[in-house]
1. Among Lys96/Lys229; Lys96/Lys153; Lys172/Lys229; Lys131/Lys183, which pairs are too far apart, with a Cα-Cα distance over 21 Å?
2. Kindly list the residues of segment 153-191 that lie in the label zone of Glu221, defined by a backbone N under 12 Å from the point 7 Å along the Cα-to-C-beta vector.
3. Count the net charge of all other residues whose Cβ sits under 14 Å from the Cβ of Gly189, scoring Lys and Arg as +1 and Asp and Glu as -1.
4. Run through all the Cα pairs of segment 136-224 and give the fraction in each 5 Å bin from 0, expressed as whole percent.
5. Set the Förster radius R0 to 30 Å, insert the Cβ-Cβ distance between Val155 and Phe252 as r into 1/(1 + (r/R0)^6), and round the FRET efficiency to 0.05.
6. Relative contact order, percent, of segment 204-258 when contacts are C-alpha pairs under 8 Å separated by at least 6 residues?
7. Using alpha carbons only, how many angstrom separate the centre of segment 110-154 from the centre of segment 198-260?
8. Could you tally the net charge around Pro199, taking each other residue with its Cβ under 15 Å from the Cβ of Pro199, Lys/Arg +1 and Asp/Glu -1?
Amino acid sequence: MGTMLNPCLSSSSSTRGLHTQTPLFSHPFQTPSSRSSLSTLFKSSSLPAQKPLQWRKLSLECRHSDYFEPHQQQNQWASPNNSSLSSQPAGTLPPKVFIGYSIYKGKAALTVVPCAPEFSPLDSGAFKLSKEGFVLLQFAPAAGVRQYDWGRKQVFSLSVTELGSLISLGAKDSCEFFHDPNKGKSDEGKVKKVLKIEPLPDGSGHFFNLSVQNRLLNIDENIYIPVAKAEFAVLVSAFNFVLPYLLGWHTFVSSFGPEDANYANNATNPRSGADFEWRR
């Protein structure tokens, strides 16, 4: 990332390593016309005492956009939740941001993508969490040197509880998850997905092994990829960060102010006894 220079400085002349275009004591919003008006004012103040001072109305041209718009635009793309988005016209949505973390190995590739939770509106105008978010794992087998067949990719979604199991894994620990996407439906048992995460024999990381049996599409796929210790550390760090967001807790934190704290606690569950407990 490059160093951001003060917009009031340029390379027109140099003084002790600093490049400046304006005099040392000039204000960045001061225009040549305003400086000439100021000099006229100072001259008028030297008139004899018996004559009243001749004040002149000064005009100041402020080119605010020249100094702040580029910086705001840069932050807008750097962070979707930046306050500069409030200047967008009403009714427009902030730009979508696509993120993920990918691991490429000789046999397969693995891409990890977080998926946001879902909320449903209430009659009171508030919102309630209707579905927790999850993390989607996408496995693609290799089709050549540094080429992967994403048309044959297999997916596996990790719930917040399963993420907790993965986050707590030690260097020699393993875990296994079983999914049936059609559980409770007429096609239950016809699609089986098993994800195994096991330590590598030399202790350098973990194996991610996904096996998929789909009788509906006549698919029997087994994709595995070694994940190095450093790559696994990145995954754990990302999962720790995104977990509260998958639970929707960030919306709760940003939805009330200090004056709403007592009301929110009592309205959520008036019989919880929390208020009584803290007032002992």
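1. Pairs exceeding the cut-off: Lys96/Lys229; Lys96/Lys153.
2. 153-156
3. Result for the local shell: +3.
4. Bins of 5 Å from zero give 3, 12, 20, 21, 19, 14, 7, 2, 0 percent of pairs.
5. Efficiency computed from Cβ-Cβ geometry: 0.55.
6. Taking the mean separation of contacting Cα pairs over the length of segment 204-258, I get 29 percent.
7. Taking the Cα centre of each part, segment 110-154 and segment 198-260 sit 11 Å apart.
8. -2
Bear in mind these aren't lab numbers, they're just calculated from the coordinates by the rules spelled out. Since the structure is predicted, the reported quantities are computational estimates derived from the model, not experimental observations. Using ideal geometry, Cβ is built from the backbone for each residue, glycine included, and neighbour counts are taken over all protein chains shown.
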